[in-house]
């Protein structure tokens, strides 16, 4: 079984933890509790293939953003989160996207999914669909609108990312061959 580590990044209060916990534990976190760093694991079946995801929910608080570089270096896939009710949080996603490309050597083949949260809060929406559509085309990245509260499109985010990671990091045939069990003889 393949294992992938996913890093969830975004500004503070945009719903990173709510999204992560909804996906990994199928629970909605009602109260906001600023995260420093939480790690979750979940088996996920995508296109009939099971993979193990290690999801790192990071801090969005300003005092912890220096850690982002460490997370980006070790990450294989990224979920960049903004709130549909907070237009300023979309600028942070752009900064993070550029930082990922810079740290990962400028490669635009890094598995990334951009997620707008709180899609159920229709009356509080600040980020328009046309803005998202334009950015999606310009950045050449998939965008998803989600609601952790209503469990709308949460799994879609991680399934898309798994597909990207499988394409970007193909299995090493040497590692996947079954190991032969020859006895070691010392003379």
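Tabulated data for the structure shown
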| quantity | calculated |
| --- | --- |
| Yes/no for residue 137 being at pLDDT below 95 and closer than 19 Å to residue 114 by Cβ | yes |
| Of all residues making up region 5-25, the number that are touching a residue at least 60 places away in the same chain (Cβ under 8 Å), more than 12 Å from the chain's Cα centre (by Cα) and farther than 17 Å from residue 94 by Cβ | 5 |
| Scope region 1-52; condition in a helix (DSSP H, G or I) and over 19 Å from residue 113 (Cα atoms); matching residues | 25 |
| Of residues in region 21-49 being out of contact with any helix residue (DSSP H, G or I) (no Cβ under 8 Å at 6 or more places or on another chain) and surrounded by fewer than 11 Cβ atoms within 10 Å (Cβ to Cβ), the one modelled with the lowest pLDDT | 31 |
| Residues being modelled with pLDDT under 75 and either in contact with a helix residue (DSSP H, G or I) (Cβ under 6 Å, 6 or more places away or on another chain) or buried (at least 19 other Cβ atoms within 10 Å of the Cβ) (or both) - total across region 56-71 | 1 |
| In region 129-162, the residues that are part of a loop (DSSP other than H, G, I, E, B) and under 18 Å from residue 15 (Cα atoms) | 146, 148, 149, 150, 151, 153 |
| Selection from region 72-99 of residues that are under 14 Å from the mean Cα position of the chain (by Cα), surrounded by 21 or more Cβ atoms within 10 Å (Cβ to Cβ) and not in a loop (DSSP other than H, G, I, E, B) | 77, 78, 79, 80, 81, 82, 93, 96 |
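The values are calculated or read from the model by the stated rules, or taken from the named source; none is laboratory data. In this text, all values refer to a predicted model and were calculated from it rather than measured experimentally. FYI the Cβ positions are ideal-geometry reconstructions off the backbone, even for glycines, and counts take in every protein chain you see.
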